[in-house]
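The values are calculated or read from the model by the stated rules, or taken from the named source; none is laboratory data. Note that this is a predicted model, so its numbers are computed, not measured. Cβ coordinates were reconstructed from backbone atoms using ideal geometry, including for glycine residues, and neighbour counts include every protein chain displayed. Only protein heavy atoms, including side chains, enter the accessible area calculation; ligands, DNA and RNA are left aside. Shrake-Rupley method; radii C 1.70, N 1.55, O 1.52, S 1.80 Å.
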Amino acid sequence: MSFPRDHYTPFGYLDLPRHARRLHPLGVLRSDSVGFAWHYPAYAGGYGGRKPHYIAGFRISIGGALDIEDFDEIACPYHSKNIVEFRVCKDQAEAVATFHPIGDHALRCRLEVQGAGRTRIAIHAHYQRWIAATGAWGESGLVGKFENGRLVLLSFEGGESFVVESSVPASDGGLSADPMTARAWKDQAAPQMDSPLTVIGKSGERVAVSGVLGFEIELNDRPQIIEIVIARGLTSLRAQAELSAARSQANSEEARLRADDARFWQTAPRLEGDWPEHWRRGLVYDLETVRMMVKPPLGIYRRVWDAMQIQAPRVVLAETAIDALLLAYADPLTAAELLLGVFADAPEPNVPCSREDGSYNMVSADGAACGTAPAWGYPWLALAHVMALQPDRAWLERLYPYLTIYLDWWLAHRRDAEGWLAYACSWESGQDNSPRFGEQPLGGGHPTWHVRPADLQASFAHAAQVMRDIAAVLGYDHDTEKWSELAVEFARRTDQLWNGTRYADHDTQQRGLTSVDDIMLLAPVALDVARPERAAALRTTIEAIDADELTWPMLAWTATEAALNVGARDRAAALAGAVCERVYRFWDARQREEGRTSPGVACEYWPLNGRCGGEGYGWGAFTTHLIMHTLIGLSFSATGVALRPNLPLDWRAPGRRYSLRWHIHNQPLVLTLEPQTNGQVRVTVNDHTTEAAWGERFVIHEPWRRPPL
């Protein structure tokens, strides 16, 4: 199956897979009306609010329409990380503009226009630069000029140059330092300029130059094609060479990118039937965002690695675990490689948060190099998920020693004198500056050794359980005993952190359990290491969780898993449904709101209002797991694929039909849920139909049985 064409939002990103933070910065390609622009070194509002060095790209106007709202109609039927296709209408003109990158330094648009009458088309190229943004000497401004029909925008005395060329000679062209002047050329011819335009500025100032190539087109019912390529280089000559190379590769590169999309979507899950339209498209935005996290080997990473987020890629165990969990639904082989790589390529046993050049980005105030703990990102829960979707004994044998080293490191370096595990700082917990750890005058790196966290003890017990099972599969009998003992020990330690009504952290400075409550303190229930009576006692608390509190993936994961494990399945469905509804309405929005992150791509977290953190953040796509696991109810084990349908109560109207088209273990699966008038649900898996109660668990047998390890 090819990419699922639909009516997507006209906002988003194109992927530059080789973009990295230190060794190979390329910037990001972010949509700009009907067009794209490089933001270098990253989008300024994307992560950490860093100022850009430059923004450069082009967009297209048709019939005087330049901004999104100017067009009579606009949509994107194709919206992958590789290719974005705009379909627009303005008056009697209809156009399809297909954008895709060519390598690291070129962007192509194939524009097809048809209709009736006469219209004006213009290519609006722009280059904004912050003088001496790198702190280096030798920048004065920008120059715009025309050379042999090409538009050249370059920095002097140093900095990137951009060259724009169209396959059809322009009928007019202009240059301006005033963006409003250049905008006026969307519906009128630009005055021809024979001499260069120079714009200068002082250090720290932003300078800009715009160039327009205009075309007067007589429309008919046969598409007229204009191909536009923009290329960049450190000199004008190098940009020209990049452009020429891109021209020769354009068609083959588009074909390669479409084939890459088709391979991914051949087995990726897609929603059909009566799912809300924004959910159907939302799952696509999710999976395309997760695809963007996969980076080719570079620097200290000898294997594919997880970028965490596209703006400033780096490796963090928690984010890699969640991204692998999500990617496994579509590409379990790559998900397995990400998990192997994050441990095998780590510069130290505890998997410090690192960049591709080997530098660390999370060091506590007492100098400890930190990586996220076993509780953050639930790596062993993600691991169990990927193991089930991609059972591979050879992979497990390679991975197992690194998992052992990681957990042994925590036992050796994060246990206090009485054997309790602690976080070096709140950064290491993943819950930066959380009040769980008391006053932190040094910020998220402030030492927090005095707190014995309940989620950490519970997650270690769970990790030991998973390791026990892996050791048994691999025949490591001695290790099986070791992990069994650790699982029992840390389950017991977790139980000691029960305060009579809930789990609580222990503060050795205050000599007792703390009063600070937090959803992460439900981790013992979410990871199923709580004693049954403890879990049962927390059911009322879990059923009272408000979906508005679940603004981060880890909170949503903890709350929904806890609800499922205490049998509060309707509450789990309500929470998952509310989160997905909030997230997907924003991912699929048709306007980009001031002060909010961009639609069309998963973002860092999901607040009710305001910014959603970094744009292009893998774990922001966690809604994929909420659909597949919490709502559709899929889980995986040695006996096969288990199903426990669990749609929200108000979705269970008779006559509706919710379908999932997917591949599992290389076998096609079409699963359909149809609510019945008797309160049950008819479940069809390919040609096999049964009727069950909502929340009833049953196993789907051959040919979907998990292959033996």
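Looking at segment 412-449, which of its residues are open to solvent by 30 Å² or more (accessible area, probe 1.4 Å), part of a loop (DSSP other than H, G, I, E, B) and farther than 11 Å from Ala365 by Cβ?
Asp416, Ala417, Glu418, Asp432, Asn433, Gly438, Glu439, Trp449
Just for segment 131-154: of the residues that are in contact with a Phe, Trp or Tyr (Cβ under 8 Å, 6 or more places away or on another chain) and at pLDDT below 95, which one is farthest from Glu216 (Cα to Cα)?
Ala133
Give all pairs with beta carbons closer than 6 Å in which a residue from segment 486-511 that is at pLDDT below 95 meets a residue that is not in a helix (DSSP H, G or I); count only pairs at least 6 apart in sequence or on separate chains.
Listed pairs, sorted by first residue: Gln509/His450.
State which residue pairs qualify: first residue open to solvent by less than 70 Å² (accessible area, probe 1.4 Å) and inside segment 580-594, second residue of a type in the set (Val, Ile, Thr) and assigned to a helix (DSSP H, G or I) in any location, beta carbons under 6 Å apart, and separation of 6 or more residues or different chains.
Matching pairs, first to second residue: Cys580/Thr623; Val583/Thr623.
If Val566 satisfies all but one of (1) more than 18 Å from the chain's Cα centre (by Cα); (2) under 18 Å from Gly377 (Cα atoms), what's the number of the condition it fails?
It fails just one condition, (2).
Within segment 180-273, considering only strands (runs of 3 or more DSSP E) that don't extend past its boundaries, which have at least 2 residues that are free of Cβ contacts under 8 Å to residues at least 24 places away in the same chain and under 29 Å from the mean Cα position of the chain (by Cα)? Before you say what the answer is, go through the steps one by one.
Values: elements: 197-200, 206-219, 224-233, 270-273.
Ranges flagged: none.
Given (1) surrounded by fewer than 22 Cβ atoms within 10 Å (Cβ to Cβ); (2) part of a loop (DSSP other than H, G, I, E, B); (3) under 19 Å from the mean Cα position of the chain (by Cα), where does Pro347 come up short, assuming only one miss?
(3)
I need every pair where a residue in segment 539-552 that is more than 19 Å from Arg569 (Cβ to Cβ) has its Cβ under 7 Å from the Cβ of a residue that is in a loop (DSSP other than H, G, I, E, B), sequence separation at least 6 or different chains.
Close Cβ pairs satisfying both conditions: Asp548/Leu608; Thr551/Tyr605; Thr551/Trp606; Thr551/Pro607; Trp552/Tyr605.
Give me the pairs, please: first residue somewhere in segment 633-661 and crowded, with 17+ Cβ neighbours inside 10 Å and in a strand (DSSP E or B), second residue anywhere and of a type in the set (Lys, Arg) and modelled with pLDDT under 95, beta-carbon distance under 6 Å, and either six or more positions apart or on two chains.
If the second residue must be of a type in the set (Lys, Arg) and modelled with pLDDT under 95, the pairs left are Gly640/Arg705.
Within segment 1-25, work out how many residues are within 25 Å of Asp72 (Cα to Cα), in a loop (DSSP other than H, G, I, E, B) and open to solvent by less than 10 Å² (accessible area, probe 1.4 Å).
Taking segment 1-25 first, the residues within 25 Å of Asp72 (Cα to Cα) are 4-14.
Then keep just the ones that are in a loop (DSSP other than H, G, I, E, B); that gives 4-7, 9-12.
Applying the additional criterion that residues be open to solvent by less than 10 Å² (accessible area, probe 1.4 Å) yields 9-10, 12.
So the answer is 3.
Of everything in segment 273-283, what is open to solvent by 30 Å² or more (accessible area, probe 1.4 Å) and under 17 Å from Pro77 (Cβ atoms)? Give them in sequence order. If you could, list the steps in order and put the result at the bottom.
Taking segment 273-283 first, the residues open to solvent by 30 Å² or more (accessible area, probe 1.4 Å) are 273-274, 276-277, 280.
Answer for segment 273-283, where residues must be open to solvent by 30 Å² or more (accessible area, probe 1.4 Å) and under 17 Å from Pro77 (Cβ atoms): Glu277, Arg280.
Residues in segment 9-21 that are at pLDDT 95 or above and basic (Lys, Arg): how many? Quick ask: steps written out before the conclusion?
So the first thing to find is which residues in segment 9-21 are at pLDDT 95 or above, and the list is 9-20.
When the remaining residues are screened for being basic (Lys, Arg), the result is 18.
Final tally of qualifying residues: 1.
Looking at this structure, is Gly35 among the small types (Gly, Ala, Ser) and open to solvent by 10 Å² or more (accessible area, probe 1.4 Å)? I'd like the intermediate steps shown before the answer.
On the way: among the small types (Gly, Ala, Ser): yes; open to solvent by 10 Å² or more (accessible area, probe 1.4 Å): no.
Against the criterion (among the small types (Gly, Ala, Ser) and open to solvent by 10 Å² or more (accessible area, probe 1.4 Å)), Gly35 does not qualify.
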